[in-house]
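Colleague: For reference, the structure I am asking about is given below.
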């Protein structure tokens, strides 16, 4: 497909072009500050189950064959009103700054959406910011605000608690996904887990085996916390927290607060089952609708209304990309 002098097409995992591979990594770094390389991108596409099917993106090149635009495509089954739906997510939408305002991004999104529709996938999501130039373009393509992001935030506390946070053993890490399925598998807005969703973190250079912890005594694993060990801009970030009941969530977060290396604890995994426990632990939810929303097109969008409630259900950006 051509758009004036630009060539547009699907990007498959086996695309063996070193120059384009490096340029895609450079484009992601320039657009999102992701410290990627062509090797990292290849590893991500090879390992992450959300990229198990081609094409993994649509892309555009200029007359010289250099990359000017890229829209990454991921696929995942999600639960909506008790039904498991196939869904697609546009996780990277980037156009080189010197080639913007030429319709490249719109054309690449349209190509990606059309391809997903041909696969039978009608639910498609992306993340945006109302202040972005691209936001009205997404609206014109049929994407509506589905929800705005809310995060839980609380102060670190260096005092110990009755429940100590301990790392999971290797055997316990193998039980993480069954625990997820037991507690989260039927919750609206969340993925049905397939293969190893943590492979993406590994591909991006994170040793995820060190990120898993729990408050449960050995031999009684009921829940887990997936968190970054070191502080990020003064924050200890909890990426996922899954457990059996509000009391467990309360004590788990208190244990995180006692062990936190940052000044505050930031819970990015917006688990509706954890709401009461997080509130009981003293965390508060921060509505950051001013700079980020999830947008969607398809049957999961019934009204053009933005939800402003900490109990809304939708996976964290970390899980969706």
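Colleague: Using every pair of alpha-carbon atoms in the stretch 146-239, split the distances into 5 Å bins beginning at 0 and state the percent of pairs per bin, rounded to integers.
Modeller: It works out to 2, 10, 18, 23, 22, 17, 7, 1, 0, in whole percents.
Colleague: For the chain, what is the convex hull volume of its Cα atoms per residue in Å³?
Modeller: Working: hull volume 41.0 nm³, N = 321.
Spelled out: Cα convex hull of the chain, divided by residues, is 128 Å³.
Colleague: Now for a different question. In degrees between 0 and 90, to the nearest 10, how far off the longest principal axis of the chain does helix 104-118 point, with axes built from Cα atoms?
Modeller: 70
Colleague: Report the Stokes-Einstein translational diffusion coefficient (µm² s⁻¹, integer) for the stretch 1-152, Rh taken as the Kirkwood radius over Cα pairs, at 4 °C with viscosity 1.567 mPa s. Can you show the working numbers first?
Modeller: Numbers: Rh = 16.2 Å.
For the chosen part, D equals 80 µm²/s.
Colleague: Shifting gears a bit: Residues in the stretch 219-246 near a label at residue 166, defined as backbone nitrogen under 19 Å from the 7 Å Cα→Cβ point?
Modeller: Of the residues in the stretch 219-246, 219-227, 242-244 have backbone N under 19 Å from the label point off residue 166.
Colleague: Additional query: Between residue 52 and residue 206, 0.36 nm times their residue separation minus their Cα-Cα distance comes to what?
Modeller: That pair, residue 52 and residue 206, stretches by 53.4 nm at full extension.
Colleague: Can you pull the semi-axes for the stretch 9-96, root of five times each eigenvalue of the Cα gyration tensor, sorted largest first, whole Å?
Modeller: The equivalent ellipsoid of the stretch 9-96 has semi-axes of 25, 13, 13 Å.
Colleague: How much length would be gained if the chain were fully extended between residue 18 and residue 97, taking 0.36 nm per residue of separation minus their Cα-Cα distance, in nm to one decimal?
Modeller: So the extension gain works out to 26.3 nm.
Colleague: Here's another thing I want to ask about it. According to the Cα gyration tensor, what semi-axes, each the square root of 5 times an eigenvalue, does the equivalent ellipsoid of the stretch 56-121 have, listed from largest to smallest in whole Å? List each step's numbers first, then the result.
Modeller: On the way: eigenvalues 161, 21, 17 Å².
Output for the stretch 56-121: semi-axes of 28, 10, 9 Å.
Colleague: Give me Rg/Rg_expected for the stretch 76-171, where Rg uses Cα atoms only and Rg_expected = 2.2 N^0.38 Å with N residues.
Modeller: Normalised Cα radius of gyration, the stretch 76-171: 1.60.
Colleague: Can you give me the relative contact order of the chain as a percent, contacts being Cα pairs under 8 Å and 6 or more apart?
Modeller: Over the chain, the number comes to 21 percent.
Colleague: Now for a different question. At what distance in nm do the modelled label points of residue 118 and residue 232 sit from each other, each positioned 7 Å from its Cα along Cα→Cβ?
Modeller: Distance between the two pseudo-spin positions: 3.6 nm.
Colleague: Quick one: which of 147-155, 18-26 comes out on top by average Cβ neighbours within 10 Å, and what's the full order, highest first?
Modeller: Answer by packing, highest mean first, reads 147-155, 18-26.
Colleague: Okay, moving on. Which value, in Å³ per residue, describes the convex hull spanned by the Cα atoms of the stretch 88-232?
Modeller: In the stretch 88-232, the Cα convex hull volume per residue is 180 Å³.
Colleague: Please compute the Kirkwood hydrodynamic radius of the stretch 160-208 from all pairs of different C-alpha atoms, in Å with one decimal.
Modeller: Numbers: mean 1/r = 0.0773 Å⁻¹.
Hydrodynamic radius (Kirkwood, Cα only) of the stretch 160-208 equals 12.9 Å.
A short reminder: the numbers here are calculations on the coordinates, not readings from a lab. In this text the structure is predicted, and so the values were computed from the model without any measurement. Neighbour counts run over all protein chains shown; Cβ positions are idealised from the backbone, glycine included.
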